[in-house]
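**Student:** Dropping a structure here in structure tokens format, bear with me for questions.
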């Protein structure tokens, strides 16, 4: 009972801390939106979108670390955990360098495709990717150990460093380059404060690396679907629309995605708890329904606020220059809310090694790109495509869950 009380207390601390982090990250974007104006903000938002895309790759390493550290929990052999962490760090470095080379080589193409004024921000951003993935492994270890307080502080380091560095550099006149530098500095500082100490003394430790690799690849596949659903609309609008209009849509998406990032902590806490209880043979269904209920309640509250007070929200956050997006705000929030609820189903079943929801979500992500590529005559049309797809995805997840339980 004491352990459960301790878990609830630290989990609540993580939840509140994540809200603060989300508020801080939004503050950065709000300042950028006001200082840079829609056209330049569309470029800054593009770099931030790339960071969010890479964060899903990073999350694959974080969740893999969380799953197997939670699985090894209770083992007296610390070298078992050490061997696993060392192996995962090597994989994270490898993927990080591949992503870095990919961004550096394609920087000129990215400048042309997204109609940006310079390729240099892409190069700055690419250089920080290996460190970002290393940092995510460390976070996964903390998550797997259910050390939510230390994990919460880790997120705080990243947000505060990025906030002060990015805003200072943009104020000093470095523009989008300052945004990219702020990201790299925040990665480095957070990685330094989250370094994991582990035993390296037993290279012959017997660990089923094949099953771990399979799980890592499955998570990477799912995170690719997250990238497609969460970011493809912004990238496609940046490609099809002029910079000013793309900046308006970036602001719309940023506000609308409050639902997703505001509810993400619930999934963060749910994942290792279900793994731990499943290993112990205990029931975990109450945590699933509790998590789903909390996500749905928060999402409904945010959608309601966007519906009743859209102009006030846009004016306060971005200013009158962005008011044309106000009528669409609640609709974008509905699409994001449906996706956030679907996520609870996916991560719950992933924690039970049931991977079918991953492939369902990937299909939805590919469908979103195909449909928006053909139907993008207006922002309203782009958003309606997403609402329809996310509704189908959510209904499919509900049907899959009850089929499995039956």
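**Student:** If you average the alpha carbon positions of segment 244-280 and of segment 354-394, how far apart do those two centres end up, in angstrom?
**Tutor:** Cα centroid to Cα centroid, the span is 17 Å.
**Student:** Over the Cα atoms, compute the radius of gyration (one decimal) and Dmax (the largest Cα-Cα distance, rounded to a whole number) for segment 1-207, in Å.
**Tutor:** Both quantities, over Cα of segment 1-207: 18.7, 58 Å.
**Student:** Would you work out the relative contact order for segment 296-406, in percent, from Cα pairs under 8 angstrom that are 6 or more residues apart?
**Tutor:** Worked out over segment 296-406, it gives 28 percent.
**Student:** Would you mind calculating the relative contact order of the chain from Cα pairs under 8 angstrom and at least 6 residues apart, reporting the percent as a whole number?
**Tutor:** Relative contact order comes out at 21 percent.
**Student:** How would 166, 283, 117, 232 line up from fewest to most surrounding beta-carbon atoms within 10 angstrom?
**Tutor:** Starting with the residue having the fewest Cβ neighbours, the order is 283, 117, 232, 166.
**Student:** Could you work out which residue, out of 280, 245, 223, moves most in a Gaussian network model of the chain, that is, has the largest mean-square fluctuation with Cα springs under 10 Å?
**Tutor:** Of 280, 245, 223, the Gaussian network model singles out 280 as fluctuating most.
**Student:** Do me a favour and compute the ellipsoid semi-axes for the chain from its Cα gyration tensor, root of five times each eigenvalue, largest one first, whole Å.
**Tutor:** Largest first, the chain gives 33, 25, 20 Å.
**Student:** Sticking with this structure for a sec: Roughly how compact is segment 229-406, stated as its Cα Rg over 2.2 N^0.38 Å to two decimals?
**Tutor:** Ratio of Rg to 2.2 N^0.38 Å for segment 229-406: 1.10.
**Student:** So what's the Cα pair-distance distribution over segment 108-240, bin width 5 Å, in %?
**Tutor:** 2, 9, 12, 15, 19, 18, 12, 7, 4, 2, 1
**Student:** Just from its helices, what would the mean residue ellipticity at 222 nm be for the chain, if runs of 4 or more DSSP H residues each count -39500 (n - 2.57) and the sum is divided by every residue, rounded to the nearest 500 deg cm²/dmol?
**Tutor:** Estimated from H runs of four or more residues: -29500 deg cm²/dmol.
**Student:** Given points 7 Å out from each Cα along the Cα-Cβ axis, report the residue 115 to residue 405 separation in nanometres with one decimal.
**Tutor:** Roughly 4.8 nm, to one decimal.
**Student:** Can you sort 249, 26 by how many other beta carbons sit within 10 Å, fewest first?
**Tutor:** Ascending number of Cβ neighbours within 10 Å: 26, 249.
**Student:** Just rank 254, 104, 59, fewest to most, by other beta-carbon atoms within 10 angstrom.
**Tutor:** Fewest to most other Cβ atoms nearby, the residues stand as 104, 59, 254.
Each reported figure results from applying straightforward, stated rules to the coordinates on display, with no laboratory input. None of the values given here were measured: they were computed from a predicted structure. Please note: Cβ atoms are built from the backbone with ideal geometry, for glycine as well, and neighbour counts cover all protein chains shown.
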